[in-house]
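Before any comments, here is the structure.
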Amino acid sequence: MGTSRDIAVIGWAQTPMVRHTELTETQLLMQVITDALTPIGLTRADVDFTCLGSCDYITGQAFSFVSNLDAIGAWPPKRDSHVEMDGAWALYEAWLRLHEGDIDIAVVTGSGRSSTGDPSLIYPMEMDPFFLAPLGADPVTFAALQARAVIAAGIADERSMAEVAVRSRGTGDVDTLLGGDYVRQPLRRHDLPPITDGAAAMVLATGERARQLVARPAYITGFDHRTECHNPSFRALDDSPSTRIAAAAAGLGDAPIEVAELQAAFTHEELLLRHVLGLGQEVIVNASGGALRENPIMATGLIRIGRAADHVFGGGRRALAHATSGPCLQQNLICIVEDGEGQR
Amino acid sequence: MTRFVESTITFPYRRSLGPMLSAFMTALTERRILGIRCGEAVLVPPMEWDPATGAALPLDLVEVGPAGTVQSWTWVPAPTEQHPVQRPFAFAFVLLDGATTPLLHAVDAGSAAAMADGMRVAPRWRGERVGRITDIACFVPGEQPELDGDDTGPAAQPVEIMDYNARITYRNPVPPSADRAVELSRQQRLVGMRCPQCERTYVGGRGYCPIDSIELGEEHEIDLAHTGTITNFVIITPVQYPGQTETEPFARVFVLIDDSDVVLAYQPTIELPVADVRVGRRVAAVWASPGEEIDAGGGMGVSLGALIGWMPTGEPDIADPDLVNRIF
C-alpha cells in the first residue's frame, strides 16, 4: 500500500430515500452525481471512468441505462460501462479499471425506482425460467424458506429477528411485533424490507489523487465476490459459503474490523451473515439501519460500502461492507475499507 | 403535480428446452416426474450440470415420485395472479420419493394448520398438459395423485419448446417539461430548450442538458423553424412482432431543422413515397388537426406530440455530402 495504485473511496452521496419519487431515474442520477462530486471540488470533466448499476427490468424500458448516461455528461466521449447489478458490482468494475493504472478518478452509481412496478410480480420473472418463474416463486417466499432453515439451525429465532427489526428501524416493540400476522411464515411485515426509490453515487480515486483531494481516503484493501447455484433447491440455506469465501479472499481475518454494513433485506439474513462472517459483539452492525430501513434496489449494496467508508472518513480504522444479489443470498460481495495508517 | 403514465409490457419468450429439459417436460405430459443422476444423488428438478462442480452430467434420467415428503414450507395467505393456486396455499420444498434434492412447488392444503414438515404429498395433475412445470397444478396431502379435469393424454410429439409470456405493468413519471413540449405542440409550436452553457438545443421537453448535466426550464425555450432537410433515413420492412401495426415498408427520416443544429431522429413521413426519400430532400412539419388524438408521451422517450411527421416542400434538394453524417 502507499503506491499511486492504491484505490480509495473519497466521497459518495445518496438521494432522499422515499417510497415513491416523482423524479425519473435519470433525474435522480443527475442530482446525486453532482452531490457526490461537488464537496470534493471535482466536476464531471474530472471523471475518467463511470460505471452505472441499474436494472432495465425494474425500469420497464430496454436500454434504460442509455438515458442514464445523460446524468454523467458524456461529451466529449467518456469511458463508461454498465452493470445490470447493484452499484456495488459497478464499484467492483471501476476498482478493476483503476488498477490498469492509466486513469485516476472514477464515479460509480446504483439507481432504481422500485415503485415503477410491483416488486412482488417483477422478481419472480427473474427466477429460473423453467422451474420457478412459471410458479410465480417470489422473493419473500424464498426468504421465508431460508428463514426457516436459519431458525432450524439455531442461528436465529423469531424474537431475535424482531430485535433486528427494532434496532434497524429505531422504532417498534418486539412483543408487539411478534403479535403480528405472518406474511410468509415465519416472516412478519417487520422482517421484510421497505420498497424504496433512490440512487447513490460514489467517487473513487487512486492514491496520490485521493490524498490530494481528501484528508482521509477510505482505501479499498480487500474486494471479492462469489456466487452460488441459481436454484435454492441445491443450496444449504442455513449457510452462505459464497459470503465466507469472499470474506476470506478480501482479508477479513487479517485484522479486526470495527463496523460492518451488511445488505440484509430480511431480518434473518443479518443474523445468518453475522454468523457466517464470525462477527463478534464488538463489531457494530448496520448502525445505518441497513436495507431494513431503506432498500433502494440496485443502490442498497453500494450504500453499504458508502456507510463503511463513512466510518473511515470519520476517524475509524477498518470496516466491512457486504452486498448481495439473487434469492436467498445467492451472490455475495465483500469490500473492506481502511484508513492508510500503518500501510504507508 | 407530476403526471404518471401506466404501461404494460409483454415479453413473449420461446425457449428451446434442449435434451434434458425436453425429456423432463415431455414426461410431465405423461404424468411422470424425472430426476437426473449425479453420482449417488438424484437431482430434482433435473440439472444439466452438477450444481456443486459445474461438471456436465450424462443424460441418465430416473423416474421419481410421484408422491413425496414436505421438507419445508411457508404459507401464502394472499396469492398473486402469478401463483399456481388462487386461494391461500403453501409453497413447499417437496422431496419426491427417490430424489435427493427438493422441488419447489405449491401445496393446496386448505390451511396453514394442515401443513407440517414430513407430511406426505402427491401431485394434482392438470387434465390438459403441455409440458410445463405447471402441468402439476399443485401437490395435495396424501399418497394418491389426482387429476384436475378431463385427461387429454400425453403430448403427441416430444416437447422441445416452451412459451413464456412475462407481463409487467409499470408506472413512470412524465417530467413536467415533457408535458409542456406536448402542450406547445398542440399550438403548432416546435420548441427547443437551449443550454446556457454549451448552447446546444434540445427538443421534446428533455428538461436538461445531457452534456452539462444541468436542468433546463421555460427560460431556455426557443421556437424552431417548421422546415428542414432530410440528413439520413431508413426504410423498414415490418416484421409482424406483437404490437407491430405497419404491414408495408415505411420510412423513418432524420431531419435537420433550419437555422439550428437540431436533428429530429426517426421521424415519420407523410405524402412521401418510400422510393422518393432522399438525403437532402426538403421537408416541412405536418401537424395533427385540432382535437385529433396525439401521442401525449410518457416515460423517458422524446414525444413531439402534435408534430405527426414531415412532407416534401417541393424545393430543390440540398446538395451537401456532409448532411448524411447528421443523425444526432
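The values are calculated or read from the model by the stated rules, or taken from the named source; none is laboratory data. All of these numbers come straight from a predicted model, not from anything done at the bench. Glycine gets a Cβ as well: all are built from the backbone with ideal geometry, and neighbour counts include every protein chain shown.
Quick notes
- Residue count for the range A:124-142, restricted to those that are of a type outside the set (Asp, Glu), closer than 20 Å to residue B:162 by Cα and more than 8 Å from every other protein chain (Cβ to nearest Cβ): 1
- Members of the range B:142-154 found to be more than 18 Å from residue B:70 (Cβ to Cβ) and either aromatic (Phe, Trp, Tyr) or assigned to a loop (DSSP other than H, G, I, E, B) (or both), listed by number: B:149, B:150, B:151, B:152, B:153, B:154
- The residues in the range A:175-217 that are closer than 28 Å to residue A:16 by Cα and in a helix (DSSP H, G or I) can be counted, and the count is 6.
- Qualifying residue in the range B:221-229 (condition: polar (S, T, N, Q), in contact with a helix residue (DSSP H, G or I) (Cβ under 8 Å, 6 or more places away or on another chain) and under 25 Å from residue B:193 (Cβ atoms)): yes
- Test: residue in the range A:259-273 that is free of Cβ contacts under 8 Å to residues at least 60 places away in the same chain and of a type outside the set (A, V, I, L, M, F, W, C): no
- Residues (more than 13 Å from every other protein chain (Cβ to nearest Cβ), in contact with a Gly (Cβ under 8 Å, 6 or more places away or on another chain) and among the small types (Gly, Ala, Ser)) located in the range B:30-66: B:65
- Of the candidates A:203, A:107, the single residue that is in contact with a Gly (Cβ under 6 Å, 6 or more places away or on another chain), crowded, with 24+ Cβ neighbours inside 10 Å and over 30 Å from residue B:85 (Cβ atoms) is A:203.
- In the range A:299-319, the residues that are polar (S, T, N, Q) reach residues that are outside any helix (DSSP H, G or I) with C-beta atoms within less than 7 angstrom, at least six apart or across chains, in these pairs: A:300/A:86; A:300/A:263.
- Enumeration of residues in the range A:25-64 that are of a type in the set (Phe, Trp, Tyr) and within 11 Å of another protein chain (Cβ to nearest Cβ): A:57, A:63
- In the range A:225-243, the residues that are crowded, with 18+ Cβ neighbours inside 10 Å, of a type in the set (Ser, Thr, Tyr) and closer than 28 Å to residue A:95 by Cα: A:240, A:242, A:243
- Every residue from the range A:11-24 that is in contact with a helix residue (DSSP H, G or I) (Cβ under 6 Å, 6 or more places away or on another chain) and within 12 Å of chain B (Cβ to nearest Cβ): A:20
- Considering B:208, B:202, the condition of being closer than 30 Å to residue B:316 by Cα, assigned by TED's automatic domain parsing to the domain that holds residue B:292 and of a type in the set (Phe, Trp, Tyr) is satisfied by B:202 alone.
- Strands (runs of 3 or more DSSP E) wholly inside the range B:36-141 containing at least 3 residues that are touching a residue at least 40 places away in the same chain (Cβ under 8 Å): B:41-43, B:68-76, B:89-96, B:120-126, B:136-141
- Residue in the range A:166-173 that is more than 13 Å from chain B (Cβ to nearest Cβ) and among the β-branched types (Val, Ile, Thr) present: yes
- Filter pass, residue B:202 being among the hydroxyl-bearing types (Ser, Thr, Tyr), under 23 Å from residue B:285 (Cβ atoms), touching a strand residue (DSSP E or B) at 6+ places or on another chain (Cβ under 8 Å) and within 14 Å of chain A (Cβ to nearest Cβ): yes
- Set A:84, A:93, A:100: member being more than 7 Å from chain B (Cβ to nearest Cβ), within 23 Å of the chain's Cα centre (by Cα) and surrounded by fewer than 17 Cβ atoms within 10 Å (Cβ to Cβ): A:84
- Pick from the range B:101-114, criterion crowded, with 21+ Cβ neighbours inside 10 Å and facing chain A (nearest Cβ under 10 Å), ranking: farthest from the chain's Cα centre (by Cα): B:101
- Of B:120, B:126, B:132, all but one fail to be touching a Pro at 6+ places or on another chain (Cβ under 9 Å), within 30 Å of residue A:230 (Cα to Cα) and either away from chain A (no Cβ under 12 Å) or hydrophobic (A, V, I, L, M, F, W, C) (or both); the exception is B:120.
- So residue B:5, is it more than 8 Å from chain A (Cβ to nearest Cβ), within 30 Å of residue B:172 (Cβ to Cβ), aliphatic (A, V, I, L, M) and surrounded by 12 or more Cβ atoms within 10 Å (Cβ to Cβ): yes
- Search result, residues across the range A:144-161 that are crowded, with 18+ Cβ neighbours inside 10 Å and either at the interface with chain B (Cβ under 9 Å from one of its Cβ atoms) or touching a Lys or Arg at 6+ places or on another chain (Cβ under 7 Å) (or both): A:144, A:145, A:147, A:148, A:149
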